[in-house]
Amino acid sequence: MIGTGYLSGNDNDDNKGWFNKFWNSDNNWFKKSWDDFDFKKFTGFMNSGGDDDDDDDKDDCDDRKKDHKDHYDGYKKYYDDNKNHFDKGDHKKYLDDYKKYFDNNRQGFDKTDFKQYMDYYKKYLEDNKKSFDKDDYDKYDKEYKKYTDEYPSHDDDCNDMDDNDDKTMIDHAIINFDIIQRKLKDGDQIYFQNIVDKCIFETEDSFAPLCVKCKFLNSQNIVIAKGKVIKLDKSYTGGTELPIPMSPVPWAAPYTPVANDVQNVDKVELTICGFKDKCPDDDHDKCKCDDRKKDHKKHYDDFDKYYKDNKNKFGKDGHSKYMDDYEKYMNDEGKYMDKSDYKMFMDYHEKYLKDNKNSFSSSDYKRSSDEHKKYSNDYPKHDDDDDDDNDNECKEKSGFFVGGGKVYVPKSEGGTFGLTHGFELHCDATQGPNNLQIDWNGNKFHLEELESAKCIDDGTPNEPPPSPHPGPTLDIYKGEGFGRYNGECGAYAKWEMDDNGEPGKNNDQILSLQITKKDGTVIQVIEDGHPLKLQSGNHQFVPHPSSHPNPPTQTNPCPQITP
């Protein structure tokens, strides 16, 4: 668990509650949109921190299994009590609701729970086949086949999944809410309940795999809704919103009230799960690249095996669906492949299209052929070295930049002022030492805490000179971190610089530099898009030697700072 976030008040007897604050405010857009009410967000926050109690994993597993059982029993009971009153539309709505819960939560099911839900889904579909039109039945039946393919991948014991839960992957997060109207019935009367149906997660930190669990709690610390997004083959990119569908606890039958009413949500509990770093710290990047290559090979073999095992069952739509899935993987993961892996996937794509041309509609075949042309154009951009994964993430942390010099910065009123700088900065912010000193126009910035770093190859012909240390050739450094502005802690700097070969003068550049003072004032020292060439000095990228000559040092460190 990364922490529990408290919403800004929930006293519903006065105007201090978070819901009443919005409702009683002068936000006319909010009031005018109330009747439509298809997309509203309210913001909460998360406190950083976590809990290292190993018993939490077992408790979470037990709670999850109980929740799955309660929902299963609830769905089954509702059908048994009401099936004689179902019309055609009710059968479809019932299965859609059941399927929604299953789809939103099935990645967290162990094998036993998954099979229970899957078997009931199939039985309900077969028992009520005449209550569905042909298109709906075929759609639901196709979904069932997807479930049967997925079933073997689930763990025998849900505790196995919780073994990977991470306690400290991120420091903080922002939580937004999606609110909808739930239709309720009381006899012939129809009315609505405003419920929070999504936990919308966002953090500035990127992490992998994508595995986030969210719980809503009321003021008595009782869980009133749960949700999760678990995609262990995907990653989360910092700064993006991740909608997590929430299911009420306890389960409630259709058209009856649920616990996650807007005015009941008092706290949000988040867990980042599924993370297990199998690499020792020193070998993390190499291990990550090796694991990714294995993953590409596994997916390739799985696609090939699935086709060979099922090709005789493929209809025309089956070939298009198979190609859609294959292309989706290539489009998502191709940028992380080296040349060898990319060619393997590309060649299979081409062969499959040729071998099965008559099984595609003309429009589907043209679309996939256009995709193949795109792959052919992308292929030369991939790394030649089969032993070196082309993923920039695997290369960008290999080495450090060192150097300094002087540039002249234009003044808005005309003329220039001199800016001098000196630095030694690693491409992996977790390695040290990291030093940066900048002096300009009577001001100073001294880096104390490097927060993030990224070294990339910009693809230009100007490259750093050869190094005695083997490794990738990277020529742009992007960094940011906390430090002292004119001696005061709490300032934050963002900068980019490059190494464009030798000599450094009139070649190497500072691409941008921004300082944010402790009070929030932003100083754009060098604007992005207006790079300045060194008038003296040099920037030098160095691939990592086996041991670094300098010890990690820091002068006058500021107190630990959390962004």
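Brief remarks follow.
- Verdict on Q220 being farther than 18 Å from K65 by Cα, surrounded by fewer than 17 Cβ atoms within 10 Å (Cβ to Cβ) and modelled with pLDDT of 85 or more: no
- Tabulated pairs, segment 507-531, first farther than 21 Å from V402 by Cα and touching a residue at least 24 places away in the same chain (Cβ under 8 Å), second surrounded by fewer than 19 Cβ atoms within 10 Å (Cβ to Cβ) and small (G, A, S), C-beta under 7 angstrom, 6+ apart or interchain: K518/G490
- Condition met for Y144 (among the aromatic types (F, W, Y), assigned by TED's automatic domain parsing to the domain that holds K122 and either more than 27 Å from Y94 (Cα to Cα) or modelled with pLDDT of 80 or more (or both)): yes
- Of residues in segment 176-203 being under 29 Å from the mean Cα position of the chain (by Cα) and polar (S, T, N, Q), the one nearest to S235 (Cα to Cα): T203
- Scanning segment 506-537 for residues that are in a strand (DSSP E or B) and either in contact with a Pro (Cβ under 9 Å, 6 or more places away or on another chain) or farther than 17 Å from Y492 by Cα (or both) turns up Q509, I510, L511, S512, L532, K533, S536, G537.
- The C-beta contact set for segment 308-323 (first residue within 13 Å of K142 (Cβ to Cβ), second residue of a type in the set (D, E, K, R) and assigned to a helix (DSSP H, G or I), distance under 6 angstrom, 6+ apart or interchain) comprises S320/D364.
- Matching residues, segment 402-429, being touching a residue at least 60 places away in the same chain (Cβ under 8 Å) and under 29 Å from the mean Cα position of the chain (by Cα): D428
- Residue in segment 200-214 that is at pLDDT below 90, hydroxyl-bearing (S, T, Y), part of a strand (DSSP E or B) and buried (at least 17 other Cβ atoms within 10 Å of the Cβ) present: no
- Taken together, the residues in segment 84-98 that are assigned to a helix (DSSP H, G or I) and either in the same structural domain as A253 (by TED's automatic domain parsing) or touching a residue at least 24 places away in the same chain (Cβ under 8 Å) (or both) amount to 8.
Listed here are the residues, each with its yes/no results for (1) assigned to a helix (DSSP H, G or I); (2) modelled with pLDDT under 90; (3) closer than 19 Å to V525 by Cα.
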site	(1), (2), (3)
Y365	yes, no, no
H372	yes, no, no
D378	yes, yes, no
D387	no, yes, no
G422	no, no, yes
D428	no, yes, no
H446	no, no, yes
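The values are calculated or read from the model by the stated rules, or taken from the named source; none is laboratory data. From a predicted model like this one, the values you see are computed outputs, not experimental measurements. Because the Cβ atoms are built from the backbone with ideal geometry, glycine has one as well, and the counts that use them run over all protein chains shown.
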